[in-house]
1. When the chain is treated as a GNM, springs tying every alpha-carbon pair under 10 Å, which of Gly108, Gly143, Gly19 comes out with the largest mean-square fluctuation?
2. Given the convex hull over the Cα atoms of the stretch 122-215, what projected area results after averaging over all orientations, in nm²?
3. Extending each Cα 7 Å along its Cβ direction at Arg141 and Asp14, get the distance between those two points in nm, one decimal.
4. Can you tell me how much longer the chain between Asp178 and Tyr56 gets when fully stretched, taken as 0.36 nm per residue apart minus their C-alpha distance, in nm with one decimal?
5. Build a GNM of the chain with springs between Cα atoms under 10 Å: which of Ile86, Ile106, Ile32 gets the top mean-square fluctuation?
6. Given [x] 0.95; [y] 1.02; [z] 0.93, which label gives Rg/Rh (Cα atoms, Kirkwood Rh) as computed from the coordinates?
7. Given N residues in the stretch 15-116, what is Rg(Cα) / (2.2 N^0.38 Å)?
8. With an 8 Å cut-off on Cα pairs and a minimum separation of 6 or more residues, tell me the relative contact order of the chain in percent.
Amino acid sequence: MLIEQLVKGGSNLDKLRLGILASGRGSNLQAIMDAADNGKIYAEVVLVISDRQDAYALERARQRDIPAEFVNPKNFTSKAEYEKVIVELLNRYGVELVCLAGYMRIVGDTMLKAFPDKIINIHPALLPAFPGLHGQEQAWRHGVKFSGCTVHFVDERVDSGPIIIQAVVPVLEDDTADTLAARILEQEHIIYPEAIRRYSEGRLKIVGRKVITCE
């Protein structure tokens, strides 16, 4: 059966309220916050959550006076219990779109059911190739001539949801895994805000496995 769905963004009056989940330094979070500040996206980051207390993403949020919450997964006996707290926080701040930005945990049923087609992720490879951890290094070791990054909706499988936007990066002969990763990251900072912009404008339509950007 063909499934067709128009993914709605924020209202015409209010900025789209973003909740960011991050586990590390938060460079994509920074790119999103900068795009919001510069008016490139009609959205605002209203909450940042991390599963790591020392994640620099939390400090980036605090520097902007954005609520930043550490939720320790070790305090819970199951993923469902952990995600229930995450969902409660997201709802408390009125989050409309959840953005995974270097969030190093697989999203489970609790979050997926609470935010259907409202969770997006950035992956440092051209999906469906090289899913999972260290996509840049996987591509480099495989010897591909082009790699890149992908923003996609999150579903129940790892890095398998419908693709919103991709950017292509050539793999140079003298590249290392690190130099390739650095060039891919530059493109991540461009396409993640762009994907959010399209979502906020209500221009994304999911047709089966495809995401169509409406004019």
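1. So, out of Gly108, Gly143, Gly19, the one fluctuating most is Gly143.
2. Details: hull surface 24.3 nm².
Mean shadow area of the hull around the Cα atoms is 6.1 nm².
3. So the label points at Arg141 and Asp14 sit 4.6 nm apart.
4. 41.9 nm
5. Ranking Ile86, Ile106, Ile32 by mean-square fluctuation puts Ile106 first.
6. Only one option fits the structure, namely [x].
7. Here the answer is 1.01, to two decimals.
8. It comes to 24 percent, rounded to a whole number.
The numbers here are math on the coordinates, done by the rules we state, and not lab data. Keep in mind that what you see is a predicted model, and the values were worked out from it rather than measured. For neighbour counting, all protein chains shown are included, and Cβ atoms are generated from backbone atoms with ideal geometry for every residue, glycine included.
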